[in-house]
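Participant: Sending over a structure as structure tokens; questions will come in a sec.
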2 protein chains.
Amino acid sequence: MANSASGESVIERVVKIMEAFSKGNPRLPLRELVRMTGMSSSTVHRLANDLAASGLLERDQSGDYGVGARMWELASRSNPLEDFRRRGLPFLEGVHAAVREHVSLSVPDVESGSVLYLERLDRHGTVMNLAEVAGRLEIHSTSSGMAMMAHMPGYVQERFLAGTLKKTTPATETDPARLRKQLAHIRELGYARMAGVLVAENTAYAVPVFGEGHSVIGAIAVVVPSAEENPGLILPVLVAAGRGLSRTMGAERRPYGTRPWLESPGK
Amino acid sequence: MANSASGESVIERVVKIMEAFSKGNPRLPLRELVRMTGMSSSTVHRLANDLAASGLLERDQSGDYGVGARMWELASRSNPLEDFRRRGLPFLEGVHAAVREHVSLSVPDVESGSVLYLERLDRHGTVMNLAEVAGRLEIHSTSSGMAMMAHMPGYVQERFLAGTLKKTTPATETDPARLRKQLAHIRELGYARMAGVLVAENTAYAVPVFGEGHSVIGAIAVVVPSAEENPGLILPVLVAAGRGLSRTMGAERRPYGTRPWLESPGK
């Protein structure tokens, strides 16, 4: 239906337009949309008009386009992620109240090798945290990603290790053999700790969240300035939240992290 | 582009499909999508396929469709509502910690005469609260809607009063003249209190949230079982949150509610 000369469906072209918007680019003029999507001006014009007529895009006074409230409404009211986010929020709040640092809830996207952040509570401070809500980061460069990957089946891990592994900071591990070792270690501990991997001066901790059938469905993470690291506080709180949310999400009661987790908090 | 015989654009047809999903119907088989959208089986089949290929819909093991994580991601990462939700969340948490009842954050949709709920914190109890996240309720049947409408320009109020006003419970006010009086009273008080209007045994309180130029951009509401109503606690907390969030959203400091608000808490 209405495939263009390039064989793209209308839906694919709509997604291209939607992808042009981001937190840094919430509003875009038509010419920017044309440039960023690489589609013809008339196609973008027509689609943007249709999208605005349905409320999926909105135009501001200057005529620039932005994602519309209707889009958020349609996406949120029946999304399974929304259920996980809502059930996770009280646990995030508990962790935040106890540690007063950045706290996040995420889900894995194994296909793309990334972590998708559903919710984030800010430390009201200055630490830089790259995990935006609805933002993505790579699995191997985040504590959340590694905490989740550590509990996935071997064939999923091997596919992940065979993929492209980019270096974000000098501390990012990209060697498959060493990452495989790290995953085994994280699985044994029951949590991931990564220092300076995404942002040089930060240390991140994450625990996995399990769902029905004890499959990994997400992670809760805390990011702290490495100078103020306090694992004796952070780990008990995180572990409790991870297990509590897992039970809420239907995971059976089952030990994970075969080593007593407080034994080696410093990695 | 690709308008059907009925003159609908592909986008309109996509929205129809998306609208079929809701919290009560998160997963739908193809035949249900056909029935609910009233479109031809081949059109729905083709569109659903394209939507699934782009991740906007997802298919589960049984072949049923649901809204995809990609849809939520595209909608959330650049949506202006997300900014309001995030800034509002700490205020909601504060209110929730103080009153331990249902707390919600909403925005007005004057066009459709409805209130769109962005966030909700549950009282861990049994009170029924119809305000779901990404759900809508009518302006005249909610304290949030009335608190927002009370501070809108006269011509917006008149258009709202001239619209269709449905009765949800016997206590729902639908008479334009009496609603006009209520709006004036709510504006004077600076908050709305509505007892048994949406759910017979509940009482709801709401305060408006203002943005730049002192225009109403949202509302914070608390719902309590009428039997446990405690306005002396709820009102100070709500008023503080409403004003705090207004300042955060760029509203100038300006009194609203010309009467001392604690004067007549019971209405």
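Participant: Is it true that A:Arg243 is of a type in the set (Lys, Arg), at pLDDT below 95 and within 23 Å of A:Arg85 (Cβ to Cβ)?
Facilitator: Judged against the criteria, A:Arg243 is a match.
Participant: Does any residue of the range A:59-71 turn out to be away from chain B (no Cβ under 12 Å) and crowded, with 18+ Cβ neighbours inside 10 Å?
Facilitator: The answer is no, given that none of the residues of the range A:59-71 is away from chain B (no Cβ under 12 Å) and crowded, with 18+ Cβ neighbours inside 10 Å.
Participant: Any residue at all in the range A:12-26 that's over 21 Å from the mean Cα position of the chain (by Cα) and outside any helix (DSSP H, G or I)?
Facilitator: Within the range A:12-26 (the criterion being over 21 Å from the mean Cα position of the chain (by Cα) and outside any helix (DSSP H, G or I)), the answer is no, since none of the residues qualifies.
Participant: Give just the number: which of (1) at the interface with another protein chain (Cβ under 7 Å from one of its Cβ atoms); (2) surrounded by fewer than 17 Cβ atoms within 10 Å (Cβ to Cβ); (3) basic (Lys, Arg) does B:Arg77 not satisfy?
Facilitator: B:Arg77 satisfies every listed condition except (2).
Participant: Now for a separate question. Can you pull out every residue in the range A:18-46 that is of a type in the set (Ser, Thr, Tyr) and closer than 10 Å to A:Gly66 by Cα?
Facilitator: Matches in the range A:18-46: A:Ser22 only.
Participant: Then there is this: Hey, among B:Val34, B:Val14, which residue is in contact with a helix residue (DSSP H, G or I) (Cβ under 7 Å, 6 or more places away or on another chain) and in contact (Cβ under 8 Å) with a residue 24 or more places away in the chain?
Facilitator: B:Val14
Residues are listed down the side, and each one gets a yes or a no for (1) facing chain A (nearest Cβ under 7 Å); (2) surrounded by 18 or more Cβ atoms within 10 Å (Cβ to Cβ); (3) of a type in the set (A, V, I, L, M):
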residue	(1), (2), (3)
B:Lys23	yes, no, no
B:Glu32	no, no, no
B:Thr37	no, yes, no
B:Ser42	no, no, no
B:Arg46	yes, no, no
B:Pro108	no, yes, no
B:Tyr117	no, yes, no
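Participant: Residues being within 22 Å of the chain's Cα centre (by Cα) and closer than 21 Å to A:Val207 by Cβ: count how many of those fall in the range A:173-183.
Facilitator: Going through the range A:173-183 one residue at a time, the tally reaches 5.
Participant: Right, here's the next one. Which residues, taken from the range B:52-96, are among the basic types (Lys, Arg), in contact (Cβ under 8 Å) with a residue 24 or more places away in the chain and touching a strand residue (DSSP E or B) at 6+ places or on another chain (Cβ under 8 Å)?
Facilitator: If the condition is that a residue be among the basic types (Lys, Arg), in contact (Cβ under 8 Å) with a residue 24 or more places away in the chain and touching a strand residue (DSSP E or B) at 6+ places or on another chain (Cβ under 8 Å), then B:Arg85 is the only one that fits.
Participant: Can you tell me which condition A:Ala98 does not meet? The list is (1) closer than 30 Å to A:Leu233 by Cα; (2) at the interface with another protein chain (Cβ under 9 Å from one of its Cβ atoms); (3) of a type in the set (Gly, Ala, Ser), and all the others hold.
Facilitator: (2)
Participant: Here is a follow-up. Listed residues A:Gly145, A:Gly190, A:Gly218; which is under 20 Å from the mean Cα position of the chain (by Cα), assigned by TED's automatic domain parsing to the domain that holds A:Gly88 and more than 17 Å from A:Val115 (Cα to Cα)?
Facilitator: A:Gly190
Participant: Name the residues in the range A:27-57 that are assigned to a loop (DSSP other than H, G, I, E, B) and among the aliphatic types (A, V, I, L, M), would you?
Facilitator: A:Met39, A:Leu56
Participant: Let me ask another. Of all residues in the range B:174-198, which are surrounded by fewer than 19 Cβ atoms within 10 Å (Cβ to Cβ) and farther than 21 Å from B:Thr164 by Cβ?
Facilitator: B:Ala184, B:His185, B:Glu188, B:Ala195, B:Gly196
Participant: Could you grab me the full set of residues in the range B:160-170 that are in contact with a Leu (Cβ under 9 Å, 6 or more places away or on another chain) and either farther than 13 Å from B:Met148 by Cα or modelled with pLDDT under 90 (or both)?
Facilitator: B:Leu161, B:Leu165, B:Thr168, B:Thr169
The values are calculated or read from the model by the stated rules, or taken from the named source; none is laboratory data. Everything quoted here is computed from the prediction, not taken from an experiment. We place every Cβ from the backbone using ideal geometry, glycine too, and count neighbours over all the protein chains shown.
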